[in-house]
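Structure first, commentary second.
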Amino acid sequence: MNLSPCRTEPTYDVDKGQLEARYKRLQKDLHPDKFGGRDAQQQEYSAEQSSLVNHAYVKLKSPLQRALYLMERKGKPAPEDGGTISDPALLMEVMEQRELVEETNDVDILQVMLQENKLLEQATTEA
């Protein structure tokens with residue numbers, strides 16, 4: 001995953017290894033301890049940027065937080081009720097899919113499920 005400011009369209013898919021490597025590289029460059037001998041303005045800037053990097057990393061490494069962030073960016077914030085599913089049929093489908101994901105280690109099955117979910121998401125957002 002490229003976290004550079006040039007990326008125009010964020011995606012849900014994240015390479016966790018790349019995310020962690022980018023996080024560590026940014027923290028190494030921005031950590032406030034590295035700016036201890038600099039003036040107060042540079043120290044404050046370093047602390048602010050380091051905090052932003054920490055916040056972004058926490059959000060991006062969590063699938064739920066990442067999804068909520070992407071929804072918010074698209075102008076569709078999460079429901080105030082915490083995302084409770086009130087439709088029993090939908091709730092059952094979500095629970096069944098979650099069980100399948102947790103029970104399988106087969107990458108091919110997971111890829112098929114991911115593609116099916118992307119198609120469902122696309123159909124839902126276009127409706």
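The values are calculated or read from the model by the stated rules, or taken from the named source; none is laboratory data. For clarity, every value in this text was computed on a predicted model and none was experimentally measured. Virtual Cβ from ideal backbone geometry, glycine too; neighbours counted across all protein chains shown. Side chains included, ligands, DNA and RNA excluded: accessible areas come from the protein's heavy atoms. Shrake-Rupley method; radii C 1.70, N 1.55, O 1.52, S 1.80 Å.
Numbers for the structure displayed
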{"quantity": "Heavy-atom SASA rank of V112, V14 (probe 1.4 Å, accessible area, largest first)", "calculated": "V112, V14"}
{"quantity": "Rg/Rh ratio calculated on Cα atoms of the stretch 59-127 (Kirkwood radius)", "calculated": "0.97"}
{"quantity": "Reachable lysines, given that their alpha-carbon falls under 17 Å from the alpha-carbon of K61 and they are not under 8 places away in the same chain", "calculated": "K16, K24"}
{"quantity": "Low-density loop cleavage sites - trypsin sites (Lys or Arg not before Pro) in the stretch 40-127, where at most 10 other Cβ are within 10 Å (DSSP)", "calculated": "K74"}
{"quantity": "Derived scalar couplings ³J(HN,Hα) [the stretch 116-124; Karplus, 6.51 cos²θ - 1.76 cosθ + 1.60; whole Hz; x for Gly, Pro]", "calculated": "4, 5, 5, 5, 5, 4, 4, 5, 6"}
{"quantity": "Solvent exposure of the chain as accessible area per residue, Å², 1.4 Å probe", "calculated": "79 Å²"}
{"quantity": "Kirkwood hydrodynamic radius (C-alpha pairs) into Stokes-Einstein, the chain, 10 °C and 1.306 mPa s, D in µm²/s", "calculated": "90 µm²/s"}
{"quantity": "Note, ³J(HN,Hα) from phi for the stretch 66-76, Karplus 6.51, -1.76, 1.60, rounded to Hz, x at Gly and Pro", "calculated": "5, 5, 5, 4, 5, 4, 4, 4, 8, x, 10"}
{"quantity": "Dipole magnitude of the stretch 56-119 about its Cα centre (Cβ charges: Lys, Arg +1; Asp, Glu -1), debye to nearest 20", "calculated": "620 debye"}
{"quantity": "Within the stretch 106-126, backbone nitrogen closer than 14 Å to the virtual label 7 Å beyond the Cα of L100 toward Cβ", "calculated": "106-121"}
{"quantity": "Rounded percent of accessible protein surface that carbon and sulfur make up, the chain, 1.4 Å probe", "calculated": "55 percent"}
